[in-house]
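Undergrad: Here it is, the structure, as structure tokens.
The values are calculated or read from the model by the stated rules, or taken from the named source; none is laboratory data. All values reported here derive from a predicted model rather than from experimental measurement. Using ideal geometry, Cβ is built from the backbone for each residue, glycine included, and neighbour counts are taken over all protein chains shown.
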Amino acid sequence: MSTLPVDPVANLSALISCPSVTPDDAGALDVLEAQLRPLGFDVARPVFSEDGTPSIENLFAWRGTTGRHLAFAGHTDVVPPGPLSDWRHPPFSAAVEAGELYGRGAVDMKGGIACYVAALARLAARGALPEGRLSLIITGDEEGPAVNGTDKLLAFAAGHGHRFDGCIVGEPTNPDRMGDMIKIGRRGSVSGWITLEGRQGHVAYPHLADNPMRGVPGVLAALMHEALDAGTENFPPSNLEVTGVETDNPSTNVIPARTRIAFNIRHNDLWTAETLRQAVAERVAQGLRDDQLRPGREQALKATITWRDRPADAFLTRDDRLVATLSGAVHAVTGRTPVLSTSGGTSDARFIKNYCPVVEFGLVGQTMHMSNERVALSDLETLTAIYETFLSRWFAADA
């Protein structure tokens with residue numbers, strides 16, 4: 001029998017050594033498959049494609065045919081390391097210094113995968129793998145467009161008859177120390193662009209032109225001045241942020257024909273993508289009506305709103321079995337009662353919630369996406385123990 005992957009440090013080092021910057025796999029899924037096969041998992045490696053996006057190889061692994069079905073989800077792709085001179089150690093060398101393992105993806109989120117595999121292996125080593133079904137849903141597209149990854153992989157699994165009773169995502173959720181926080185939901189995200197149409201002309205003859213930049217202050221004020229809401233019991237207030245204003249006009253003596261305002265909304269469960277689209281349209285119209293910077297102009301500037309595809313919905317997981325069992329496992333290992341949070345950005349849990357209840361718990365995320373991304377070796381042991389405890393309790397708990 002092959003040696004079981006019981007050591008999370010060794011598991012993680014092997015994964016980090018693969019420079020799997022989106023969309024390149026660089027052998028990371030080969031490493032993961034080699035770790036899972038000795039544990040009795042069957043493995044599929046579907047590749048998904050869509051026009052305008054890179055093709056992505058994914059991994060779906062499964063074990064067992066009856067009983068409760070628990071999935072673990074994550075990604076082996078990582079963001080670029082940035083300037084190599086900013087790193088204490090090469091970002092794909094998995095160097096260990098002063099009790100910490102350095103490398104791109106150490107916490108986001110190859111570390112979570114390494115610990116989950118180690119937890120499975122430790123259960124297997126003592127003959128205690130749960131009686132039931134286990135799956136891993138692993139993509140290489142989370143840090144990229146997220147088009148050819150988890151969403152399509154879930155449909156692939158469903159098409160092959162897999163139905164899940166719960167899922168844990170191994171994203172780094174803890175702000176400061178292990179046991180701080182479990183994510184039980186996420187705010188939604190909606191993005192778009194507002195194009196204001198004017199009339200191009202010479203700066204010396206403004207009466208012959210119509211500068212769309214004069215409409216920008218009114219629109220910005222209407223968009224951001226009044227809060228969208230005050231938050232809910234489980235979610236912070238929604239916020240709309242303008243993220244860019246551009247004209248594509250390189251000349252200082254030309255009044256531009258149009259300007260574009262980019263924005264993103266992070267919203268709670270008081271809103272849907274459709275209700276936000278209506279609210280933004282109303283605010284833009286009000287901002288143009290309130291325009292005070294275009295004297296003598298009776299007609300408002302024309303505004304066109306373009307919405308980004310695939311908005312993310314807000315969601316909240318209310319599955320007591322999943323949330324309480326994970327919270328209890330965290331407390332049993334760390335002595336801490338984790339905060340149940342919906343903070344932060346979006347994750348692939350936004351796709352998983354359409355198939356089953358989902359929660360997120362992983363490492364401390366303080367260094368994710370930074371130079372010198374790193375994880376404490378002790379945290380890898382702690383997370384492995386939490387996953388091991390969670391697996392045993394989730395399958396053993398009464399229905």
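Undergrad: Keeping to region 214-273, report how many residues are more than 30 Å from PHE315 (Cβ to Cβ) and not hydrophobic (A, V, I, L, M, F, W, C).
TA: 16
Undergrad: Please work out if GLN278 is farther than 30 Å from SER341 by Cα, polar (S, T, N, Q) and part of a helix (DSSP H, G or I). Give the derivation first.
TA: On the way: farther than 30 Å from SER341 by Cα: no; polar (S, T, N, Q): yes; part of a helix (DSSP H, G or I): yes.
So GLN278 does not fit the description; no.
Undergrad: Now for a different question. Scan the strands (runs of 3 or more DSSP E) fully inside region 153-223 and keep the ones with 2 or more residues being in the same structural domain as SER238 (by TED's automatic domain parsing), more than 24 Å from ALA329 (Cβ to Cβ) and among the β-branched types (Val, Ile, Thr).
TA: Correct list: 188-197.
Undergrad: Ok, one more. Between ASN372, ASN354, which is in the same structural domain as GLU388 (by TED's automatic domain parsing), within 19 Å of the chain's Cα centre (by Cα) and of a type outside the set (A, V, I, L, M, F, W, C)?
TA: Values: ASN372 fails: within 19 Å of the chain's Cα centre (by Cα).
Just one listed residue meets the conditions, ASN354.
Undergrad: Evaluate region 201-211: report whether one residue or more is surrounded by 15 or more Cβ atoms within 10 Å (Cβ to Cβ), touching a residue at least 24 places away in the same chain (Cβ under 8 Å) and over 14 Å from ASN249 (Cα atoms).
TA: yes
Undergrad: Same structure again: Select from region 16-30 the residues that are among the hydrophobic types (A, V, I, L, M, F, W, C), in contact (Cβ under 8 Å) with a residue 24 or more places away in the chain and in a loop (DSSP other than H, G, I, E, B) and list them in ascending order.
TA: Step one: of region 16-30, the residues among the hydrophobic types (A, V, I, L, M, F, W, C) are 16, 18, 21, 26, 28-29.
Next, from what is left, pick out any that are in contact (Cβ under 8 Å) with a residue 24 or more places away in the chain: 16, 18, 21, 28-29.
Within region 16-30, CYS18 is the sole residue that qualifies.
Undergrad: Would you pick out the residues in region 31-51 that are outside any loop (DSSP other than H, G, I, E, B) and buried (at least 18 other Cβ atoms within 10 Å of the Cβ)?
TA: If we filter region 31-51 for residues that are outside any loop (DSSP other than H, G, I, E, B), which is where we start, we get 31-39, 42-44, 47-50.
Residues satisfying the conditions are VAL31, LEU32, GLN35, LEU36, LEU39, PHE48.
Undergrad: Between a first residue in region 233-244 that is in the same structural domain as ILE265 (by TED's automatic domain parsing) and without any contact (Cβ under 8 Å) to a residue 24 or more places away in the chain and a second residue that is surrounded by 15 or more Cβ atoms within 10 Å (Cβ to Cβ) and small (Gly, Ala, Ser), which pairs have beta carbons less than 9 Å apart while being 6 or more apart in sequence or on different chains?
TA: Short answer, once both residue conditions are applied: VAL242/ALA262; THR243/SER191; THR243/ALA262; GLY244/ALA262.
Undergrad: If you don't mind, another one. Within region 248-301, restricting attention to residues that are basic (Lys, Arg) and at pLDDT 95 or above, which residue is nearest to PHE235 (Cα to Cα)? If you could, list the steps in order and put the result at the bottom.
TA: First pass over region 248-301, keeping only residues basic (Lys, Arg): 258, 260, 266, 277, 283, 289, 294, 297.
Then drop every residue that is not at pLDDT 95 or above, which leaves 258, 260, 266, 277, 283.
Values: ARG258: 37, ARG260: 30, ARG266: 11, ARG277: 20, ARG283: 23 Å.
Ranking the qualifying residues of region 248-301, first place goes to ARG266.
Undergrad: Is it fair to say ALA332 is surrounded by fewer than 18 Cβ atoms within 10 Å (Cβ to Cβ), of a type in the set (Gly, Ala, Ser) and touching a helix residue (DSSP H, G or I) at 6+ places or on another chain (Cβ under 6 Å)?
TA: yes
Undergrad: Name the one entry in THR195, THR173 that is crowded, with 23+ Cβ neighbours inside 10 Å and of a type in the set (S, T, N, Q). Explain how you work it out, then say what you get.
TA: Numbers: THR195 fails: crowded, with 23+ Cβ neighbours inside 10 Å.
Exactly one residue qualifies, and that residue is THR173.
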